[in-house]
Amino acid sequence: MTVDELIINPDALHSIYGAAPVLGDVVRVRSININWRGPTVTLRVDLPYFPEAAPQSWLDASLDTVQCHLQFLAVENMTIQAWEPPATARIEAAPQRDRGSVHIRAKSDTIDLAFECSDSVVIGHLSAFRIHSDGSDSGPRSFLSRLDALRHSSLPETCEKTYYEHA
């Protein structure tokens, strides 16, 4: 099972990618935000490929990478054994039928993250940017959400709670 099957609000993702899931492939994990309220874990990830049906403004600006937040709810039993960002991994989900939850795992040479959570994943803060030759994601970006677009023209600082703690 992949995280795609757990997303409860896929409309924004489908509006630019169509009905095909995009999270079953390897993604670049840019950050991990752990919040005791909920408790929640939010991963900021680069999606594996740029959409063919991207907004015209993204194409006009020569943007080439889409990024979003994946917010996991009711998190328990979290372990981080490795974290060397930006890390690439496939985010896998395994139902825990006896517990009524899902086991999430992102594992590669640069990340080893695991936790249990509810079977609902919230996607948010979809944006596009031009990736730098060193792989960094700084600089101007275009946000899909009107609210995000009004508030931000680049990636907010990590202390911006309304961006990192809410999907």
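Coordinate-derived values only; no laboratory data. Treat the numbers as computed from the prediction; the structure is a model and nothing was measured. Note that each Cβ is placed from the backbone with ideal geometry, even for glycine, and that neighbours are counted across all protein chains shown.
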Of the listed residues (Ala128, Ala149), the one being assigned to a helix (DSSP H, G or I) and in contact with a strand residue (DSSP E or B) (Cβ under 8 Å, 6 or more places away or on another chain) is Ala149
Within segment 90-113, the count of residues that are of a type in the set (D, E, K, R) and assigned to a loop (DSSP other than H, G, I, E, B) comes to 5
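So which residues in segment 54-70 are of a type in the set (Ser, Thr, Tyr) and in a loop (DSSP other than H, G, I, E, B), if there are any at all?
If the condition is that a residue be of a type in the set (Ser, Thr, Tyr) and in a loop (DSSP other than H, G, I, E, B), then Ser62 is the only one that fits.
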Of (1) surrounded by 14 or more Cβ atoms within 10 Å (Cβ to Cβ); (2) farther than 19 Å from Val22 by Cβ; (3) of a type outside the set (Ser, Thr, Tyr); (4) touching a Ser or Thr at 6+ places or on another chain (Cβ under 8 Å), Glu84 satisfies every one except (1)
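For segment 131-146, what are the residues that are surrounded by 15 or more Cβ atoms within 10 Å (Cβ to Cβ) and either of a type in the set (Ser, Thr, Tyr) or assigned to a strand (DSSP E or B) (or both)?
Correct list: Arg141, Ser142, Phe143.
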Within segment 138-164, the residues that are touching a residue at least 40 places away in the same chain (Cβ under 8 Å), under 14 Å from Leu126 (Cβ atoms) and either of a type in the set (A, V, I, L, M) or touching a Phe, Trp or Tyr at 6+ places or on another chain (Cβ under 9 Å) (or both) are Arg141, Ser142, Leu144
*asked:* When you scan segment 71-89, do you find a residue that is free of Cβ contacts under 8 Å to residues at least 40 places away in the same chain, assigned to a helix (DSSP H, G or I), of a type outside the set (Gly, Ala, Ser) and closer than 23 Å to Leu155 by Cα, even just one?
replied: no
A careful count of residues in segment 28-53 that are assigned to a strand (DSSP E or B), closer than 16 Å to Ser118 by Cβ and not hydrophobic (A, V, I, L, M, F, W, C) gives 3
Filter segment 90-118 for residues that are among the aliphatic types (A, V, I, L, M) and either in contact (Cβ under 8 Å) with a residue 60 or more places away in the chain or out of contact with any Ser or Thr (no Cβ under 7 Å at 6 or more places or on another chain) (or both); the one that is surrounded by the most Cβ atoms within 10 Å (Cβ to Cβ) is Ala106
